[in-house]
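Undergrad: My structure is below; once you've seen it, I'll send some questions.
The values are calculated or read from the model by the stated rules, or taken from the named source; none is laboratory data. As the structure is a computational prediction, the values presented were derived from the model and not from experiment. No Cβ is skipped: glycine too gets one built from the backbone with ideal geometry, and neighbour counts run over all protein chains shown.
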Amino acid sequence: MFFDHVKIEVRSGRGGNGAVSFRREKYVPFGGPDGGDGGKGGDVILKVNERKNSLIDFRFKHHFFAENGQNGGQRNKSGKQGQDLIIEVPPGTLVYEEESNRLITDLVEDGEEFLLLAGGKGGLGNVHFKNSRRQAPRFARAGGPAQELTIRLELKIIADVGLLGMPNAGKSSLLARMSRAKPKIADYAFTTLSPQLGVVDSYDMSFLMADLPGLIEGAAEGAGLGHDFLRHTARCRLLLHVVDAAPLPGQLSPREAYDAINAELLDYDFEIAGRQQILVLNKADLLVDGMREEIETSFSDIEDPIFWISTVTGEGIDALKQGVFKILPEIPKIESPVSDEDWQVYRFEEETSPFVIEELDGEIIVSGSWIEGLVWQTNFDAPESFHYFQREIKRKGLNEALKAAGVEHGEWITIGGAEFQFFSDEENAEDED
């Protein structure tokens, strides 16, 4: 079975907590704080491996978690950084955010890496909170939270040339004739159940050719196998349209088969339907006198190059190969559907504004990476830590902003999922640094 699209859940590592510790060496009075910082959580990185040609590695495993950072220790010992999680994917993998269906990145080149989720920052130990007035801080910062995301991986095989055609038109036989590939070949429909790749060489030139499963009418709407594999034509610069020139009684004529496949391409993607094609009329060895001329007449209105071949006798194979080598350099490579500017790394970082105040269904919501991170990293069971939280939000202007937004004394607000009661009388609040 060929896997070319899958949904997985990924999560970066949580940052380790900072430590609360004090020096207690003999003969060292008033040793002071020495709590170390927590380690950074592991990142989630996508990496291209050209030895992979499908997404079958994700068939049974759908959850991928990076390692958490370790907590800080005594004597200024920092916690160990969480190990990064590297997820290998085949070239041609598109990465979508499942919820919004937004394309995040397009992974093409072998060895290419993309930082998808950044690990949480390590929390600061209490040694960072010592100052002239706070000699023995009994609080530290918690590590930054992990980032979670559900993504959809979609593989579009990267090939210079794609073979199109009805089932049993001879595409697999043509691939075997032109390359060293050994696809399954049989005399029944849908022999090819998954895309097959082969490298076609000629002196110092080569190109990659893909045999795509046979299409039938209605493929763009899901009939047959076409619905699953039409997507792989998106990466092909040149399409070899293989047509059975000697169909059995009751089957579509060569021109009818040609028109049916092009109609499916047009229904699926207008841009793909307009790409350069070469018409390959196969099974020339089965034609009797006059049939070749009759078929050529039926195609007299098309502008695409036409080649007669026989995958059985080898007729026309070399001419077709040279024709492809002549045309292919003139066709530009397919540009990625996503640019560098569109790429987004999901990380916990400070935004331009430290907070945003909104009213949703009568509830006051304060959001923003800075304020939510501060809530996450604060230990509200420790009075010193809570007082530090109060001073930080006052320093950033949250109290004044809430009053300006019309929030009343004693009203409840929500920050990062936690509820707080707002007190506008700041004169009674502790105001030390």
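Undergrad: Would you be able to tell me the number of residues in the range 122-131 that are assigned to a loop (DSSP other than H, G, I, E, B) and crowded, with 24+ Cβ neighbours inside 10 Å?
TA: At the first step, the residues of the range 122-131 found to be assigned to a loop (DSSP other than H, G, I, E, B) are 122-125, 130-131.
Okay, now just the ones that are also crowded, with 24+ Cβ neighbours inside 10 Å, so 122-123, 125.
Going through the range 122-131 one residue at a time, the tally reaches 3.
Undergrad: Tally up the residues in the range 384-404 that are crowded, with 16+ Cβ neighbours inside 10 Å and within 14 Å of Phe420 (Cα to Cα), please. Steps first, answer last, please.
TA: First pass over the range 384-404, keeping only residues crowded, with 16+ Cβ neighbours inside 10 Å: 384-385, 387-390, 393, 396, 398-399, 401-402.
Those left that are additionally within 14 Å of Phe420 (Cα to Cα): 387, 389-390, 393, 398-399, 402.
So the count comes out to 7.
Undergrad: Restricting to the range 303-332, name every residue that is more than 39 Å from the chain's Cα centre (by Cα) and either without any contact (Cβ under 8 Å) to a residue 24 or more places away in the chain or not assigned by TED's automatic domain parsing to the domain that holds Asn262 (or both).
TA: Those that are more than 39 Å from the chain's Cα centre (by Cα) and either without any contact (Cβ under 8 Å) to a residue 24 or more places away in the chain or not assigned by TED's automatic domain parsing to the domain that holds Asn262 (or both): Asp318, Ala319.
Undergrad: Quickly run through the range 86-134 and pick out the residues that are more than 11 Å from the chain's Cα centre (by Cα), β-branched (Val, Ile, Thr) and under 30 Å from Leu374 (Cβ atoms).
TA: Val127, the sole residue that qualifies.
Undergrad: For the range 132-144, state whether one or more residues are free of Cβ contacts under 8 Å to residues at least 12 places away in the same chain and in a loop (DSSP other than H, G, I, E, B).
TA: In the first step, residues of the range 132-144 are kept if they are free of Cβ contacts under 8 Å to residues at least 12 places away in the same chain; the result is 132.
Among the residues that remain, those that are also in a loop (DSSP other than H, G, I, E, B) are: 132.
Looking for residues that are free of Cβ contacts under 8 Å to residues at least 12 places away in the same chain and in a loop (DSSP other than H, G, I, E, B), one finds at least one in the range 132-144, hence yes.
Undergrad: Which ranges mark the strands (runs of 3 or more DSSP E) fully within the range 158-230 that have 3 or more residues being among the hydroxyl-bearing types (Ser, Thr, Tyr), modelled with pLDDT under 75 and in contact with a Leu (Cβ under 7 Å, 6 or more places away or on another chain)? Walk me through it before giving the result.
TA: Numbers: elements: 161-164, 196-202, 205-211.
Per the criteria, no element qualifies.
Undergrad: Another question, then. Which strands (runs of 3 or more DSSP E) sit wholly inside the range 1-89 and have at least 3 residues that are free of Cβ contacts under 8 Å to residues at least 40 places away in the same chain and buried (at least 21 other Cβ atoms within 10 Å of the Cβ)?
TA: Values: elements: 5-11, 44-48, 63-65, 85-89.
Because the criterion is at least 3 residues that are free of Cβ contacts under 8 Å to residues at least 40 places away in the same chain and buried (at least 21 other Cβ atoms within 10 Å of the Cβ), no strands (runs of 3 or more DSSP E) in the range 1-89 meet it.
Undergrad: Please enumerate the residues belonging to the range 238-251 that are buried (at least 16 other Cβ atoms within 10 Å of the Cβ) and of a type outside the set (Asp, Glu). Please lay out each step first, then the result.
TA: If we filter the range 238-251 for residues that are buried (at least 16 other Cβ atoms within 10 Å of the Cβ), which is where we start, we get 238-247.
Matches in the range 238-251: Leu238, Leu239, Leu240, His241, Val242, Val243, Ala245, Ala246, Pro247.
Undergrad: Then there's this: Does Pro145 meet the test of being outside the structural domain of Tyr388 (by TED's automatic domain parsing), in contact with a Pro (Cβ under 8 Å, 6 or more places away or on another chain) and not polar (S, T, N, Q)? Give the steps one after another, and end with the answer.
TA: On the way: outside the structural domain of Tyr388 (by TED's automatic domain parsing): yes; in contact with a Pro (Cβ under 8 Å, 6 or more places away or on another chain): no; not polar (S, T, N, Q): yes.
Taking the combined requirement at face value, the residue does not satisfy it.
Here's the yes/no breakdown for (1) in the same structural domain as Arg177 (by TED's automatic domain parsing); (2) outside any helix (DSSP H, G or I); (3) out of contact with any Gly (no Cβ under 9 Å at 6 or more places or on another chain):
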{"position": "Thr233", "(1), (2), (3)": "yes, no, no"}
{"position": "Leu240", "(1), (2), (3)": "yes, yes, no"}
{"position": "Val243", "(1), (2), (3)": "yes, yes, no"}
{"position": "Pro247", "(1), (2), (3)": "yes, yes, yes"}
{"position": "Ala257", "(1), (2), (3)": "yes, no, no"}
{"position": "Ile261", "(1), (2), (3)": "yes, no, no"}
{"position": "Val280", "(1), (2), (3)": "yes, yes, no"}
{"position": "Ile295", "(1), (2), (3)": "yes, no, yes"}
